[in-house]
Structure formats: C-alpha cells, structure tokens
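Please read the structure below before turning to the comments.
Where a number appears in this text, it was derived from the coordinates with a stated rule and is not lab data. Quantities reported herein were computed from a predicted structural model and do not represent experimental measurements. Here the Cβ is made from the backbone with ideal geometry for all residues, glycine too, and neighbour counts use every protein chain on show.
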Amino acid sequence: MLLQPLWDSILGHAALLRSPFFPVLFSLSAYLACCLPFLLLDALSGRWALLRSYKLQPQSSVGWASVRSCLALVLYNHLVLVLPVTLLHWHLRPVLLPQEAPALPRLLAQVLVCLLLFDFQSFVWHLLHHKVPWLYRNVHKVHHTYTSTSALTAEYSGPWETLSLGLFAAANPLLLGCHPLTELAFFLLNIWLSVEDHCGYDLPWATHRLVPLGLYGGARHHDLHHLKSKYNYAPYFTHWDRLAGTLYPQD
C-alpha cells in the first residue's frame, strides 16, 4: 500500500503516539507551525507593498502586543483545558496502533467526510452563538475581539468554544472508525484550514482559489464574517450559508 512506508516510519515512534501528552503536543506544534508562514508575511508586509496588496484589510497591522496576547491564550487553553481532557480520554480509551496503513482512497474519503461533518457542526454552533445574545456575550465574543483577522486569532477563543469545537473535531474520526493515520491527516488539515481562514491574506494559492465554483469560502469569506458578523457562519465551505441565506453577497 502507498501509505505503508509512512505508517511504518510513524510506528517507529509508537511510544510517543501512545503518550497521554501527544495530542496536546501535536495540536500545539501543528498550530504554531501553520501560523509561522503568515507571521512572517505580517512582519514583511509593512515593508513590501506587494505583500501588503494581498492583505484583506490593508490598513490593519499585526502588533507584537496582539501576538503575545494570542499566544498566551492559546498556551493557556492547551495546558489548562485541553490537557486534562486528553488525559481523561487517554485513561478511558487505550491507544491502538494497527500494523497496516489505511488505503489512500479510504483515507482521503474519510478525511473529506470528517471535514464536511465538522463544517456542518461548526456552522450550526456558530449560527446559534450569534443568534442567541447570551451565548454571544458569554462565549463567542472573545473570538471577535479582533475585527481584523490574523493567523494567531484562529484559536483566540474562550474555554467553552475551545472545548466544544475541539470535541467536534475529535469525535468525527471516532464515529467513522478512522485509522490513526487518517485522524492525524484530518487534524493537520483542519488546523491548517482554520489558520488559513484567519490569516488575513487573499493569496494566489489560497484554498478558496483552488476549489472551483465558489464552493469553498476561505480567508476572504471568514474575514468578511469578522467585519460583518451577520454573514458567513460556516468555517470552510459555502453551501450551508447559501441554504440559510447567510452568505455575504460579493461582486
């Protein structure tokens, strides 16, 4: 199978994969690695007009105060919220590492299904937290602290939002009975897409430019949500907003 050499290499670190601390280390390191290229763009865009021309809000800039604030909250959420939950999950559900890798078509299909499920769950969650004033004030308002998006704001959220969206992401591979390699692939893709959604740039190679027919919203779609909070509730795809009449009309 095409993925067997990759999986054999990963199995060489089985002790790490079975560690109760691995999910937090993976999530945090993957998130920071995905943010790093956009942080570099933020640092350079103030000097290079070409880079700044790709910013969705050219008048905005990312200061070190906001970087420190975002990093502090992300670290706090991972250590104080996510870590205890993953330790409990590790205690209740032993980590099983099969010797065989999944077939590539099966991995790709299950990753897509997980992504579509997460997109639907997040859309419903997001819509409710905007339509119910109490939920917005007490839960989701933290995420809207910044009206100008940047990569690190992807996980700038309060305890309930962090845990509930994390639960959606973790539960879908379990519901589908995914191979551990499929889970890792989905988690990594989901983190990347979330960071790209908040990056604040409309780059030529952005995901929404690669997916045809406007089926995928991407950074432009989500940046408009932070500017006009009555629209664009789905994190990735556009079909739920189209059906609900909450897709922001663009020229």
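Some points to look at:
- Positive minus negative residues near residue 202 (Lys, Arg vs Asp, Glu; Cβ under 13 Å): +1
- Positive contributions from Lys and Arg (+1) and negative ones from Asp and Glu (-1), summed over other residues with Cβ under 11 Å from the Cβ of residue 127, come out at +1.
- Enclosed volume per residue, in Å³, of the convex hull spanned by Cα atoms of the stretch 203-251: 76 Å³
- Restricted to Cα atoms, the stretch 4-244 shows a radius of gyration and a Dmax of 18.2, 53 angstrom.
- Charges were assigned to the Cβ only: +1 to each Lys and Arg, -1 to each Asp and Glu. The resulting dipole of the stretch 1-140 about its Cα centre is roughly 440 debye.
- Taking amide H as placed 1.01 Å from N in the peptide plane, the amide H of residue 201 sits under 5 Å from that of 56, each at least 5 places away or on another chain.
- Distance between the C-alpha centres of the stretch 1-23 and the stretch 182-205: 22 Å, rounded to the whole angstrom.
- At q = 0.11, 0.16, 0.20 Å⁻¹ the log10 of I(q)/I(0) for the stretch 157-251 amounts to -0.37, -0.77, -1.11, computed by Debye summation with a single uniform scatterer per C-alpha, solvent ignored.
- Alpha-carbon Debye profile of the stretch 1-134, log10 I(q)/I(0) at 0.13 Å⁻¹: -0.95
- Farthest towards the positive end of the charge dipole of the stretch 4-244, among the residues 90, 227, 174, is the Cα of 227, using unit charges on the Cβ of Lys, Arg, Asp and Glu.
- Each of the peptides 47-56, 154-163, 218-227 was scored by the mean count of other Cβ atoms within 10 Å over its residues; in descending order, highest first, they stand as 218-227, 154-163, 47-56.
- Its alpha carbons give the stretch 39-115 an Rg and a Dmax of 20.5, 53 Å.
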